[in-house]
Amino acid sequence: MYRSHVLVCGGTGCTSSGSQKIRERLEEEIKRNGLENEVGVVKTGCFGLCALGPIMIVYPEGSFYAMVKEEDIPEIVSEHLLKGRVVKRLLYDETVKSNDEILPLQETQFYKKQHRVALRNCGVINPEDIEEYIGTRGYEALGTVLTSKKPEEVIQIILDSGLRGRGGAGFPTGLKWKFAAANQADQKYVCCNADEGDPGAFMDRSVLEGDPHVVLEAMAIAGYAIGASQGYIYVRAEYPIAVERLNIAIDQAREYGLLGKNIFDSGFDFDIELRLGAGAFVCGEETALMTSIEGNRGEPRPRPPFPALKGLFQKPTILNNVETLANIPQIILNGADWFASMGTEKSKGTKVFALGGKVKNTGLVEIPMGTTLREIVEEIGGGIPNGKKFKAAQTGGPSGGCIPAEHFDVPIDYDNLIAIGSMMGSGGLIVMDEDTCMVDIAKFFLEFTVDESCGKCTPCRIGTRRMLEILEKITNGQGTMEDLDKLEDLAAHLKSNSLCALGQTAPNPVLSTLRYFKDEYIAHIVDKKCPAGVCKALLSYKIDADKCKGCTLCARTCPNDAISGSVREPHVINQDKCVKCGACMEKCRFGAIYKE
Amino acid sequence: MKSLEELKAIRERNQGKVGVRSENETQTRVVVGMATCGIASGARPVLTALSDAVQKESLAEKISVTPTGCIGLCQYEPIVEVMEPGKEKVTYIKMDPEKAMEVFELHLKQGQAVAKYTLAAQQL
C-alpha cells in the first residue's frame with residue numbers, strides 16, 4: 001500500500017512534451033531514495049491543462065507541479081516525497097498564494113468553474129488498470145442495470161435525463177435508443193463514434209486515453225437497452241495511445257467477465273471490437289462510418305432509412321459519440337434528475353470543450369451547459385495573452401461558425417449557438433484575437449472541407465471548391481462585390497443539396513464570418529487591404545525613414561536581397577523583390593519597419 | 001463477473017487506493033514530521049503505519065496522511081499532528097508505529113484524543 005501517489009499525465013499533450021521520460025526518472029529516483037514501497041507512480045489520462053505540461057500531481061497533498069523538467073525530479077523526490085517539503089517554486093503558480101499558502105487545484109481559475117462528469121476519471125485513475133476504474137464505482141451502473149432494470153426502464157432514464165448527442169447535432173440520445181429498441185431483428189449493433197476529426201478538437205481522444213472503461217461500460221448498457229450483443233468502436237488510427245489503451249481495456253473487461261457471455265449472470269451477452277479508421281473526416285458522419293466498418297470505402301448514403309432501422313450490415317444500429325457515452329454510467333448511478341439539474345432548459349448536463357488558440361490556458365475544460373463564452377475565455381482560459389483584444393471564437397470546427405465579441409455573454413448551449421449562426425460541433429473552441437483575419441479563417445476551414453469532401457455528391461465536391469476559389473480571389477485582392485453574392489448563393493445550394501452533413505455545413509464558416517465581419521470582406525475587396533495584416537498579397541513591408549538608423553541588419557537578414565541602402569542611411573525595401581516573410585521586421589531593433 | 005457483490009469486493013479493495021487522490025476541506029489532516037530529525041528518530045515507519053491503516057479501512061477520503069517538514073521540536077520527534085476541521089490541533093510526540101495505531105483507533109476512528117501521548121501531557 002502506498003502512502004503517496006504521484007500522478008503523471010500520460011495524455012497525448014504531456015506525452016509529447018516528455019512525460020514518459022519524467023516518469024522513468026521519477027521511478028529511478030524513488031528507488032534510489034528507498035521509497036519504492038511507500039510512493040506509487042501512476043500514469044493517468046489528461047488533466048486538462050495541456051498548456052502547462054508535463055503535469056504531475058502528488059497526493060494526498062494534491063500538489064500540482066507544472067512544466068516539470070527531468071532535472072527537477074531529484075529535488076521533488078528528496079524534498080517533497082521524502083521530507084514532506086513541497087517544492088513551491090516548481091508548483092503551478094496559480095496554486096501558490098501571495099502569503100505562500102497553497103490553494104487546492106479545484107480553487108484555481110482554470111478548474112473553479114468546471115464541473116467534471118465525462119472527464120471525471122481523467123487525470124485521476126490509471127487507465128490501464130480496470131481495478132482503479134472499479135474503485136471509482138466503475139461497472140456498477142452496468143451491474144445495476146443488468147440485475148434490476150428492464151431495458152425500457154434504462155431507455156426511460158436516459159430520455160428523462162435530457163442527454164443529447166455530444167458529437168455535434170445534439171439529437172436526444174434516449175430517443176435514438178428508443179427507435180432502435182422498437183425495431184425487431186435477429187441482430188442489432190451498438191457503435192461508438194470515436195472518429196474525432198475537427199481541427200483542434202481532442203476531447204474524445206482524452207476520454208479514450210484517460211478513462212477507456214467508461215466507454216465500454218456505456219456501450220454494454222446501450223446494448224442491453226436496445227437488445228444488441230455486439231459493439232464496434234470506430235477510432236482513428238492516428239490516436240495510437242487511445243487505441244492501445246482501448247485494447248488493454250477490452251482485454252481486461254473480458255478477463256473480469258464484464259464483456260463476453262452471461263455478464264453478471266443475467267443471460268446478457270455483449271462484446272466489443274475495435275475498427276481503425278484511416279483518418280477521413282467524412283467517416284465521422286454516421287452512414288459513412290458504418291460503410292467503413294463494413295469494409296467499404298467510407299462514403300455516406302442517403303437517409304432514411306436511418307441507422308435505427310437499417311444501419312450496420314443492414315441491421316438496427318445506434319451510434320453514439322464517445323463523450324455522450326461517458327455520461328451514461330453517471331446518469332444511471334446518480335439518476336436522471338441529477339443530470340437534468342445541470343445545464344439549461346433544453347441542453348442538460350455538461351460539455352467538454354477543447355480550448356485552443358489565442359488564450360492563456362489552452363487545454364480541456366468541462367463546464368455546465370449555459371456557461372458564457374466570457375467565463376470560458378476570461379476566467380477559465382485566463383484571457384488573451386499579450387494584452388490583445390478578443391475578436392471572435394470559433395466553435396464546431398469546419399461545420400461551425402464564429403462567435404463575435406458582441407455575443408460574449410450568450411449562454412452556450414445547442415440552441416443558442418445555432419441561433420447565432422454557429423453550432424456546438426464536437427466541442428472545439430478556438431479563440432481569436434485582433435491579429436486574426438476572418439476571411440483567412442473562412443478560407444482555412446474551406447481548404448479543409450475541400451480536402452475532406454469524399455466526392456460522392458456534386459454540390460459538396462464542386463461547390464466547396466468554387467467557394468474556396470472565390471475566397472482565394474478575395475484574399476489576393478482581386479475580389480469584387482458580386483463575389484459576396486455568389487458566395488451566399490453557392491452556400492445556399494450546398495446547404496440544401498449536399499448528401500451529408502459535411503457538405504450541408506461546409507458553408508457555415510463563410511456564412512458566419514460574412515454575417516459578423518462583412519466589413520473585413522469589403523476592406524479586402526474595395527480598399528485592397530487586410531485589416532488584421534494577415535493576407536500577404538494585400539500588405540507591404542515598409543521602412544520608416546525617420547526611425548531607420550542604417551544599421552544594415554535588415555538588409556543582411558533579407559533572404560531575397562530586397563533591401564538596399566548604405567550604412568547610416570535609411571534603407572528601402574524593393575517591393576518587387578520582397579517575399580513578405582517578415583524577417584526584417586522581427587530583426588529591426590528600432591521598430592522602423594512596419595506593414596500596411 | 002457473476003454478481004454485484006463480486007464487483008463490490010473489488011471496489012472496496014481499491015477504494016482506499018483511489019480515495020488517497022481526493023481533496024476536500026472536510027478532511028481530517030494527519031501530518032508526520034519528516035525532516036532530518038524526524039527521519040532520524042524513526043518517523044518513516046510511523047508514517048507508513050498510519051497511511052496503510054487509513055487505506056485498509058477505506059478512510060482515505062476522510063483522512064489524509066502526509067509528511068511535513070520540521071516543526072521545531074526536534075527532541076520530541078517523531079511528531080504526529082492531527083488537524084480536524086473546526087477543532088484545535090492535537091500534537092502527539094515521540095511516536096512509534098504501535099503508539100500511532102493507538103492514535104488511529106482511538107482518535108481518528110472514535111474521536112477520542114489520546115492524552116497521554118500529547119505534547120500537552122509532557123512536562124516542558
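Filter the stretch A:348-363 for residues that are assigned to a loop (DSSP other than H, G, I, E, B) and touching a Pro at 6+ places or on another chain (Cβ under 9 Å); which is farthest from A:D93 (Cα to Cα)?
Of everything passing the filter in the stretch A:348-363, A:G349 is farthest from A:D93 (Cα to Cα).
Counting only residues that are surrounded by fewer than 22 Cβ atoms within 10 Å (Cβ to Cβ) and closer than 23 Å to A:S206 by Cβ, which one in the stretch A:251-271 is nearest to the other protein chains (Cβ to nearest Cβ)?
Here the answer is A:Q252.
Looking only at residues in the stretch A:68-84 that are within 14 Å of chain B (Cβ to nearest Cβ) and within 14 Å of A:M56 (Cα to Cα), which one is nearest to the chain's Cα centre (by Cα)?
Per the criteria, the residue is A:I76.
Considering only the stretch A:137-154, I want to know if a residue exists there that is more than 12 Å from chain B (Cβ to nearest Cβ), more than 26 Å from the chain's Cα centre (by Cα) and within 22 Å of A:E323 (Cβ to Cβ). First the steps, then the outcome.
To start, the set of residues in the stretch A:137-154 that are more than 12 Å from chain B (Cβ to nearest Cβ) comprises A:149-154.
The next check asks that each one be more than 26 Å from the chain's Cα centre (by Cα); those that pass are A:149-154.
Adding the requirement that they be within 22 Å of A:E323 (Cβ to Cβ) leaves A:154.
Scanning the stretch A:137-154 turns up at least one residue that is more than 12 Å from chain B (Cβ to nearest Cβ), more than 26 Å from the chain's Cα centre (by Cα) and within 22 Å of A:E323 (Cβ to Cβ).
Taking A:I522, is it closer than 30 Å to A:G401 by Cα and hydrophobic (A, V, I, L, M, F, W, C)?
Here the answer is yes, as A:I522 does meet what is asked.
Can you tell which of A:A182, A:A169 is at pLDDT 95 or above, away from chain B (no Cβ under 14 Å) and under 23 Å from A:A222 (Cα atoms)?
Going through A:A182, A:A169 in turn, just one is at pLDDT 95 or above, away from chain B (no Cβ under 14 Å) and under 23 Å from A:A222 (Cα atoms): A:A182.
Where residues in the stretch A:26-84 are closer than 16 Å to A:C122 by Cβ and among the hydroxyl-bearing types (S, T, Y), which of them is modelled with the highest pLDDT?
Checking each candidate, the answer is A:T44.
Per-residue answers, yes or no, for (1) of a type outside the set (A, V, I, L, M, F, W, C); (2) within 25 Å of the chain's Cα centre (by Cα); (3) at pLDDT 95 or above:
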site	(1), (2), (3)
A:D415	yes, yes, no
A:A419	no, yes, no
A:S426	yes, yes, no
A:F448	no, yes, yes
A:S453	yes, yes, yes
A:E472	yes, no, yes
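I'd like the full set of residues that are within 16 Å of A:Y139 (Cβ to Cβ), surrounded by fewer than 16 Cβ atoms within 10 Å (Cβ to Cβ) and of a type outside the set (D, E, K, R), limited to the stretch B:1-24. First the steps, then the outcome.
Residues of the stretch B:1-24 that are within 16 Å of A:Y139 (Cβ to Cβ), as a first pass: B:1-15, B:18.
Of the ones still in play, those that are also surrounded by fewer than 16 Cβ atoms within 10 Å (Cβ to Cβ) are B:2-3, B:5-6, B:8-9, B:12-13.
Those that are within 16 Å of A:Y139 (Cβ to Cβ), surrounded by fewer than 16 Cβ atoms within 10 Å (Cβ to Cβ) and of a type outside the set (D, E, K, R): B:S3, B:A9.
Return the residues of the stretch A:1-19 that are within 27 Å of the chain's Cα centre (by Cα) and within 14 Å of another protein chain (Cβ to nearest Cβ); say none if nothing qualifies.
A:V6, A:L7, A:V8, A:C9
Among the residues of the stretch A:20-41, are any within 14 Å of chain B (Cβ to nearest Cβ), surrounded by fewer than 24 Cβ atoms within 10 Å (Cβ to Cβ) and within 25 Å of A:L208 (Cα to Cα)?
yes
Give the residues of the stretch A:85-136 that are under 27 Å from the mean Cα position of the chain (by Cα), assigned to a loop (DSSP other than H, G, I, E, B), at the interface with chain B (Cβ under 10 Å from one of its Cβ atoms) and buried (at least 16 other Cβ atoms within 10 Å of the Cβ), sorted by residue number.
Matches in the stretch A:85-136: A:N121, A:G123, A:V124, A:I125, A:N126, A:D129, A:T136.
Conditions first: (1) modelled with pLDDT of 95 or more; (2) within 14 Å of chain B (Cβ to nearest Cβ). A:G210 passes all but one, so which condition is the exception?
Among (1) modelled with pLDDT of 95 or more; (2) within 14 Å of chain B (Cβ to nearest Cβ), A:G210 violates only (1).
Go through the stretch B:34-57 and count every residue that is touching a helix residue (DSSP H, G or I) at 6+ places or on another chain (Cβ under 6 Å) and either among the aromatic types (F, W, Y) or buried (at least 17 other Cβ atoms within 10 Å of the Cβ) (or both).
So in the stretch B:34-57, the residues touching a helix residue (DSSP H, G or I) at 6+ places or on another chain (Cβ under 6 Å) come out as B:34, B:37, B:45-46, B:49-50, B:53, B:55.
From the residues that got through so far, the ones that are either among the aromatic types (F, W, Y) or buried (at least 17 other Cβ atoms within 10 Å of the Cβ) (or both) too are B:34, B:37, B:46, B:49-50, B:53, B:55.
Residues that pass the stated criteria total 7.
The values are calculated or read from the model by the stated rules, or taken from the named source; none is laboratory data. These numbers were taken from a predicted model, which means no experiment stands behind them. Using ideal geometry, Cβ is built from the backbone for each residue, glycine included, and neighbour counts are taken over all protein chains shown.
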